[in-house]
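To start, the structure under review is shown below, and the notes come after it.
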Ligand code: AMP
């Protein structure tokens, strides 16, 4: 099976890792892109849409939209160029100036893509919000980001925005997509302002360093931070799409990320378009059966998803996959959370292909560390740095500087050498928080990791989630991975619980696969299994069963929330919380 696929599929873009790293430069990478005509700078929307619409790919499907009621709409590069031009013209007509912020609050509907890209064309700044946010997180983000325009639906407006208008004075225009009642100042209907606008627009001359995207990320404490990204980030979107996702012209690519999360922009919109591929946009939320259906029917060749979805699919076993013809699928990648080795192995059992884990953050704007198509995967490892990216394990010193630790498998903070194009350029209005993310030449990620002798990076945990028990530093991921190796376990989350003797004691929360009972015998069985796998010092001492684990909209298990609840502490910022255990 694997062999046939290899014969049919193109050779990987990144073939000789060492050589590519050696010869790569971001300046040369920029030459893969166009730049605006007549040397008028660089604009993401030009690279993603217009240069294809004016060229050989004009009639190629850029976005294939699959509606949740079974609708299907193909949008070519030419169509997308016209629609985004209409949106840019609409902004101009409303008097929205370059640099002003346009927020988007909606599900995966075609207008979302048009609005994001049209905003960039107009030289304005696009900022996506999770459509599941409640009124408060929306108000906070609009206020921090000085939102001038909001694109949303009448239903979302009524439920979530109408009541907070008095907190966001600067919000002058709301563009409503679709039918439905809504009342308030500055409301416009999409069909009236965008639908009737002219389909030609000359892209605003934007400097590569102009702000283009504003992505909110919630810290463990304090207000959410708005990470600023500039037009030049598109060089990284493009290159990482080629190298880490191995995008080739003929690919049908499916990124399943929520559009409110940075992955939903960098890889749900931009990287596939700059690479000229056809991108699947499936409106419906996760459902294993319909996902398999999409992979098969749409002949998806490159699939980028996240561990939560993979683990949910694992719950159902491999039989459901075996009946499908997934021969078009050649590359699968995962991001957002540590991918348990078990999940990589399951990929091979179910699909005949491994999942390639990769690592990045809102602040990095694009994939930084990846398992590549042409390189061996080490299950459980995030892979190796992209060409153009230097990653290191460092220790923070007391003087505010850092020391690089070269010893293989030493644990420390993951740091990246400054200077790649999609590195955040600031947290909006938060100079101090921004400065604290750097030490000299290094950007400090807040994640703990290890690097092995072959240069592969291994995730240990968020610095905030790491557990110190009887003098051992324990990464929750290691313990969780051991637990989910047990056939009864679907998901696991591990926290440190204060303990008078140990400092912190390892406690696990576990969900079971269907057909298993959460009882005392199972608890003992899992405690024994973990102890055998990890040793007594690292294995959990307590296990609680849960129906679900609390997760963010981007699928990250919220360990700090489990911990706060366990200890009866304030829950902190839970605006991104999606599914809940309660
Ligand atoms: P966000 O900015 O919301 O995308 O979150 C970024 C954080 O998610 C990282 O700092 C990591 O803690 C975590 N993360 C993302 N990808 C991975 C991965 N492949 N392995 C482990 N953790 C990851």
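FYI, it's all coordinate maths here, none of it is from the lab. Just so you know, these numbers come straight off a predicted model, no measurement behind them. Using ideal geometry, Cβ is built from the backbone for each residue, glycine included, and neighbour counts are taken over all protein chains shown.
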Per the C-alpha gyration tensor (a ≥ b ≥ c, the square roots of its eigenvalues), segment 112-181 is rounded if a/c is under 1.5, else prolate if a/b beats b/c, else oblate; here it's oblate
Distance in Å, no decimals, from the C-alpha centre of segment 320-377 to the one of segment 101-165 is 31
Can you give me the P(r) profile for segment 438-582? Cα pairs, bins 10 angstrom wide beginning at 0, each as a whole percent. 11, 38, 36, 13, 2, 0
Which of 363, 520, 342 comes first, and how do the rest follow, when ranked by fewest Cβ neighbours within 10 Å? 520, 342, 363
What are the equivalent ellipsoid semi-axes of segment 166-217, built from the alpha-carbon gyration tensor (square roots of five times its eigenvalues), in whole angstrom, biggest first? 25, 20, 10
Per-selection metrics, segment 412-495 (Cα): Rg and Dmax in Å: 16.3, 48
Segment 298-358 - Rg (one decimal) and Dmax (whole number), Cα, Å: 10.7, 29
Relative to the longest principal axis of the C-alpha atoms of the chain, give the angle of the C-alpha long axis of helix 135-144, reported between 0 and 90° and rounded to the nearest 10°. 70
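Report, to two decimal places, the Cα Rg of segment 36-91 normalised by 2.2 N^0.38 Å (N = number of residues). Walk me through the numbers on the way to the answer.
Details: Rg = 13.0 Å, N = 56, 2.2 N^0.38 = 10.2 Å.
That works out to 1.28 for segment 36-91.
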If R₀ is 56 angstrom, what is the calculated FRET efficiency for the pair residue 395 and residue 520, using the beta carbon separation as r and rounding to 0.05? 0.85
Could you give the angle, 0 to 90 degrees to the nearest 10, between helix 77-93's Cα long axis and the longest principal axis of the Cα atoms of the chain? 70
Can you give the helix-only mean residue ellipticity at 222 nm for the chain, where every DSSP H stretch with n ≥ 4 adds -39500 (n - 2.57) and the sum goes over all residues, rounded to the nearest 500 deg cm²/dmol? -7000 deg cm²/dmol
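Given the chain, what percent of its DSSP beta bridges are antiparallel, to the nearest 5? Before the final figure, lay out each step's value.
Numbers: 54 of 93 bridges.
Expressed as a percentage, antiparallel bridges in the chain total about 60.
Å³ per residue of the Cα convex hull, for segment 276-380?
Values: hull volume 12.3 nm³, N = 105.
Value for segment 276-380: 117 Å³ per residue.
Show me the three semi-axes of the equivalent ellipsoid for segment 79-236, from the C-alpha gyration tensor (sqrt of 5 times each eigenvalue), largest first, rounded to whole Å. Write out the running numbers ahead of the final one.
Working: eigenvalues 100, 85, 33 Å².
The answer is 22, 21, 13 Å, longest axis first.
Let me know the Kirkwood hydrodynamic radius for segment 216-261, please, with Cα pairs as the basis and the value in Å to one decimal.
Numbers: mean 1/r = 0.0754 Å⁻¹.
About 13.3 Å for segment 216-261.
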Restricting the count to DSSP beta bridges whose residues both fall in segment 175-329, what percent are antiparallel, rounded to a multiple of 5? 45
Size of segment 354-504 along its principal axes in angstrom, Cα-based, largest extent first? 45, 44, 32
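Give me 179, 411, 285 ranked fewest to most by other Cβ atoms within 10 Å of their Cβ, as a rough exposure proxy.
If I rank by nearby Cβ atoms, fewest first, I get 179, 285, 411.
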Using Cα atoms only, what is the angle between the long axis of helix 341-351 and the major principal axis of the chain, expressed in degrees (0 to 90) to the nearest 10? 60
For a distance above 18 Å, tell me the whole-number percent of Cα pairs in segment 66-157 that qualify. 47
So how far apart, in nm, are the two label points at residue 537 and residue 327 if each is 7 Å from Cα heading toward Cβ? 5.3
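Taking Cα atoms of segment 4-163, Rg/Rh with Kirkwood Rh, to two decimals? Numbers along the way, then the final one.
Values: Rg = 19.2 Å, Rh = 18.3 Å.
Over the Cα atoms of segment 4-163, Rg/Rh equals 1.05.
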Report Rg (one decimal) and Dmax (nearest whole number) for segment 183-309, counting Cα atoms only, units Å. 17.5, 47
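Give me Rg/Rg_expected for the chain, where Rg uses Cα atoms only and Rg_expected = 2.2 N^0.38 Å with N residues.
Numbers: Rg = 23.4 Å, N = 582, 2.2 N^0.38 = 24.7 Å.
Relative to the rule-of-thumb radius for its length, the chain sits at 0.95.
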In whole Å and largest first, what semi-axes does the C-alpha gyration tensor of segment 483-566 yield when each eigenvalue is scaled by 5 and square-rooted? 19, 18, 11
Overall Cα dimensions of segment 139-230 - principal axes, largest extent first, Å: 38, 37, 19
Rg/Rh ratio calculated on Cα atoms of segment 378-417 (Kirkwood radius): 1.01
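Considering only DSSP beta bridges where both residues belong to segment 46-196, give the percentage that are antiparallel (nearest 5). Each step should come with its number before you reach the end.
Values: 5 of 22 bridges.
Counting only bridges with both partners in segment 46-196, antiparallel ones make up about 25 percent.
At a threshold of 8 angstrom on Cα-Cα distance, excluding pairs fewer than six apart, so keeping six or more, what relative contact order does segment 402-453 reach in percent? Could you put the intermediate results ahead of the total?
Values: 53 pairs, mean separation 29.9, N = 52.
It rounds to 57 percent for segment 402-453.
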Calculate, for residue 348 and residue 158, the FRET efficiency according to 1/(1 + (r/R0)^6) with r their C-beta to C-beta distance and R0 60 Å; round to the nearest 0.05. 0.80
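Where does each of 289, 441, 111 land when they are ranked from fewest to most other beta-carbon atoms within 10 angstrom? Spell out each step's value before the answer.
Values: 289 9, 441 13, 111 21.
Fewest to most other Cβ atoms nearby, the residues stand as 289, 441, 111.
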Per the Cauchy relation, a quarter of the hull surface: what is the mean projected area of the convex hull of the alpha carbons in segment 249-327, in nm²? 5.1
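If packing is taken as the average number of other Cβ atoms within 10 Å across a peptide's residues, how do 424-432, 184-192 rank, most packed first? Display every interim value, and only then the final one.
Numbers: 424-432: 17.0, 184-192: 14.3.
Highest-to-lowest ranking by the protection proxy: 424-432, 184-192.
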